[in-house]
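The structure appears below as structure tokens.
The values are calculated or read from the model by the stated rules, or taken from the named source; none is laboratory data. All values reported here derive from a predicted model rather than from experimental measurement. Virtual Cβ from ideal backbone geometry, glycine too; neighbours counted across all protein chains shown.
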Amino acid sequence: MIWVELAILLGCIVVGARLGGLSLGPIAGIGLLLFVFVFAMPPGRPPTVVLGMIIAVVTALAAMEAAGGLDYLVILAERILRKRPEYITFVAPLVTYVLIMASGTQHVIYALLPVIAEVSRKAGVRPERPLSITVVAAQQGVIASPISAATVALLGVLGGHPIGLPQVLLVIVPSTLAAVLVGALSVAWRGPALDDDPLYRERLASGKLAPPRQAAEQDLAAEALARARGSTLLFLAGIVFVVLIGLFPGLRPTYSSIVDGVAQTGQIGSAGAIMVVMLAIGGLILLLFGAKPEAMMKGNVMRGGLSAVISILGISWLGASFFAANESQIVGEISQLIGQAQWIFALGLFFLSALLFSQAATVVTLMPVGISLGLAPWMLVAMYPAVNGAFFLPTYGTLLAAVSFDQTGTTRIGKLLLNHSFMRPGLVATVTSTLMALVLSPVVIG
């Protein structure tokens, strides 16, 4: 039965990808209907946190766009990239890697993707190149973060061994940073130039996409320029605060509540805190810098964000339902293979993360199996980068968001399912980081 269910999952992805746009979500809904009502499978959990984060960040971004801030941000980026615009393929993933390593969450990327897409297009760079490696760099940044759920989970699994956070970071940070640079090289000259891409030219010719307007700062009147600058600075302040929340958990407020007559205290989670901050940023931009709600709804950011939300809701929920119904069989098969050859453990981490869409959940599920099978602690740390398999199937939120925000159509989910824009940089980066960690880990830990 598991093979029939897997065929339905993959079939929904293939059909949804071929239809394009936000079709992935509704088509995945058909598969979900079959899972729940025909096969009587338990429905997995919809990705509510991911959806909430996207909605909050997109709301703030759409407000900034309506106030002229996105155009102003693009102008600033263009100024840096004017001499050598191809550098965005290297600059964008490195900036993303640092931000996510500091904040501990990939969700920061939703604020960067539309800016990267727009700057690339206006600079004449094929957006697929920086967008694909930026999504992969975000996953590498998570496992390099000292405060991410994945790293915390790994330290918990290794709690009985004399291995601390500094040793893990000494292995993982250089490994993932090298992976980002090598991954960027793998896509730096990928595909035809933007102006020669057939799909992009077709969209321009049909009027579906307007030619890029080479905006200049003088295009903005003094008052409009002030609003644009102010909204941009406020949005960037929100991003800085999000990073600080990740670095210093004490900044997240605590609260008291009474449950069944007993006083309890708690602290807001990092995801909830980020959502609150970004929604508030959107509201402040509306109040202080004259962003119009109508303009927010008509902007490219809101359209791309809505498409991403619908796609993610359907396909991620479908994938979670498949794993929830077959968890014991999937984990059991992986455990048997690991017993035959230790290197297979890295493949198990990779493919399980592709199904779970979570590095932390993969660590919690499979790393204890590695301990029980007698794998050396240094080897577990060395194989930790293999948990970055979420790019393999084109169902993860950041991948779908990148596709949605690229109005040129160069960032794609291929008709053959696995020939999507993220496969090459994803495989290159994951293999690079894992091999380098296998070299560094016995030196640092073993």
(request) Would you be able to say whether some residue in region 341-353 is assigned to a helix (DSSP H, G or I), in contact (Cβ under 8 Å) with a residue 40 or more places away in the chain and in contact with a Phe, Trp or Tyr (Cβ under 6 Å, 6 or more places away or on another chain)? (result) no
(request) Specify the residue that is farthest from the chain's Cα centre (by Cα); the eligible residues are those in region 375-407 that are crowded, with 24+ Cβ neighbours inside 10 Å and of a type in the set (Phe, Trp, Tyr). (result) TYR384
(request) Evaluate region 384-407: report whether one residue or more is without any contact (Cβ under 8 Å) to a residue 12 or more places away in the chain and farther than 16 Å from SER421 by Cα. (result) no
(message) Report every pair of residues separated by at least 6 positions or lying on different chains whose Cβ atoms are under 9 Å apart, first residue within region 186-198 and basic (Lys, Arg), second assigned to a loop (DSSP other than H, G, I, E, B).
(response) ARG190/ARG126; ARG190/SER421
(message) Please count how many residues of region 118-149 are of a type in the set (A, V, I, L, M) and either over 22 Å from LEU393 (Cβ atoms) or surrounded by fewer than 24 Cβ atoms within 10 Å (Cβ to Cβ) (or both).
(response) 6
(request) Pull up region 188-232, narrow it to residues that are over 11 Å from ARG126 (Cβ atoms) and among the acidic types (Asp, Glu), then point me to the one that is modelled with the lowest pLDDT. (result) GLU217
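For SER328, indicate whether it is in a helix (DSSP H, G or I), surrounded by 13 or more Cβ atoms within 10 Å (Cβ to Cβ) and not acidic (Asp, Glu).
Working: in a helix (DSSP H, G or I): yes; surrounded by 13 or more Cβ atoms within 10 Å (Cβ to Cβ): no; not acidic (Asp, Glu): yes.
Answer is no for this residue.
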(request) Find the residue count for region 408-422, including only residues that are surrounded by 17 or more Cβ atoms within 10 Å (Cβ to Cβ) and either outside any loop (DSSP other than H, G, I, E, B) or touching a His at 6+ places or on another chain (Cβ under 6 Å) (or both). (result) 1
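Search region 353-365 for residues being over 17 Å from the mean Cα position of the chain (by Cα) and surrounded by fewer than 23 Cβ atoms within 10 Å (Cβ to Cβ), and hand back the single one that is modelled with the highest pLDDT.
Once the filter is applied, the top-ranked residue is VAL364.
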(request) Output the number of the condition that SER372 fails; it satisfies all remaining conditions of (1) touching a residue at least 12 places away in the same chain (Cβ under 8 Å); (2) polar (S, T, N, Q); (3) surrounded by fewer than 23 Cβ atoms within 10 Å (Cβ to Cβ). (result) (1)
(request) Would you tally the residues in region 177-200 being in a helix (DSSP H, G or I) and surrounded by 16 or more Cβ atoms within 10 Å (Cβ to Cβ)? (result) 12
(request) Only residues that are farther than 21 Å from GLY69 by Cα, in contact with a Lys or Arg (Cβ under 9 Å, 6 or more places away or on another chain) and hydroxyl-bearing (Ser, Thr, Tyr): list them for region 111-148, please. (result) SER132
(message) Looking at region 255-281 only, could you name the residues that are modelled with pLDDT under 80 and of a type outside the set (S, T, N, Q)?
(response) ILE258, VAL259, ASP260, GLY261, VAL262, ALA263, GLY269, ALA271, ILE274
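Within region 26-54, restricting attention to residues that are within 30 Å of LEU112 (Cα to Cα) and at pLDDT 85 or above, which residue is surrounded by the most Cβ atoms within 10 Å (Cβ to Cβ)?
Step one: filter region 26-54 for residues within 30 Å of LEU112 (Cα to Cα), giving 26-29, 44-54.
Subset that is at pLDDT 85 or above: 26-29.
Numbers: PRO26: 15, ILE27: 23, ALA28: 28, GLY29: 18.
That would be ALA28.
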(message) Among (1) more than 18 Å from ALA401 (Cα to Cα); (2) free of Cβ contacts under 8 Å to residues at least 60 places away in the same chain; (3) in contact with a Ser or Thr (Cβ under 8 Å, 6 or more places away or on another chain), there is one condition SER148 misses while meeting the rest; what is its number?
(response) (2)
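Across region 423-440, which residue is farthest from GLN106 (Cα to Cα) among those that are crowded, with 24+ Cβ neighbours inside 10 Å and of a type outside the set (Ser, Thr, Tyr)? Give the steps one after another, and end with the answer.
Filtering region 423-440 for residues crowded, with 24+ Cβ neighbours inside 10 Å gives 425-426, 429-430, 433, 437.
Imposing the further condition that a residue be of a type outside the set (Ser, Thr, Tyr) reduces the set to 425-426, 429, 437.
Numbers: PRO425: 17, GLY426: 15, ALA429: 16, ALA437: 22 Å.
Among them, the one singled out is ALA437.
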(request) Please work out which residue is surrounded by the fewest Cβ atoms within 10 Å (Cβ to Cβ), limiting yourself to region 263-291 and to residues that are more than 27 Å from the chain's Cα centre (by Cα) and assigned to a loop (DSSP other than H, G, I, E, B). (result) GLY290
(request) Provide a single number: the residues in region 162-176 that are in a helix (DSSP H, G or I), in contact (Cβ under 8 Å) with a residue 40 or more places away in the chain and farther than 11 Å from GLN140 by Cβ. (result) 5
(request) Say whether the condition of being buried (at least 17 other Cβ atoms within 10 Å of the Cβ), β-branched (Val, Ile, Thr), more than 16 Å from ALA361 (Cα to Cα) and within 16 Å of the chain's Cα centre (by Cα) is met by at least one residue in region 292-307. (result) no
(request) Output the qualifying pairs, or none if there are none: Cβ atoms under 7 angstrom, residues six or more apart or on different chains, first residue in region 50-76 and under 26 Å from GLY269 (Cα atoms), second residue modelled with pLDDT of 80 or more and in a loop (DSSP other than H, G, I, E, B). (result) ALA62/GLY299; ALA63/ALA291
